[in-house]
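Some notes on the structure that comes next.
Any read-out appearing in this document is the output of simple, stated calculations on the displayed coordinates, not a laboratory observation. This structure is a prediction, so every number in the text was calculated from the model and none was measured.
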Amino acid sequence: MSKTGLVMLMALFALAPPVLGSEKARYVDSKGCMLSNGGETVPTISFIVGAYVDESFPKSKIKLLLKDAEIRGCDVNAYDARGHTALHMAVLDGSLDVVKALLELGADPSLKIKRPGSVMNGVDVYTYAQMLARDRPSDSRWQVIDALETYKLHKGN
C-alpha cells in the first residue's frame, strides 16, 4: 500500500463506527483487503464505499483509495456479510462518483445480491438501481442509472 493510501485509510478507521460499529477496525489478511472489528468482517473496498457517505470522508481521494486497494489485489466484486458488493452499496447511497470509480476498476453490475430470505435476494445492480429510483426518487439515483446504462451500452452486459 502506498504511504499516502495508508495514511488516508488509517484516517478512515475513525469512520469505522458507521460501517463496523467499532473504532477497533484492523486488517485480517496479509494484503489489507479485509477489515474486522473482532466480530464483523468487511471487504476493504466495501468499507471505503460505506465510509464515503460520512461528511468527513475525503471525497476527492475516492479513486486513489479504491485504486490502491485494487493494486494490493483486493477484489472489487467481493461480497460483504449482508450479501452486497461495493457497487450495490454505492448504488444504495446514490454515490455517482463511487459508482463510476468502481465500474472503472471492473465492478460487475450483473452480480446479484446474495441474501437468502430477503426480497432483494438475486437482484442485480441494474434492477436494484431501478427499484431504488422508483421507491426513493432523487436526481442522484437517476444519474446513477444513467451511468449504469452508459456502462451497459459500452460493455454489452
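Miscellaneous remarks
- If the Kirkwood radius is taken over C-alpha pairs of segment 3-155, then at 20 °C and 1.002 mPa s the Stokes-Einstein diffusion coefficient equals 137 µm²/s.
- Entries in K31/K61; K63/K155; K31/K155; K100/K155 that, when Cα-Cα distance is taken, lie over 25 Å: K31/K155
- Three-way shape call for segment 93-157 based on the alpha-carbon gyration tensor, with the a/c threshold at 1.5: oblate
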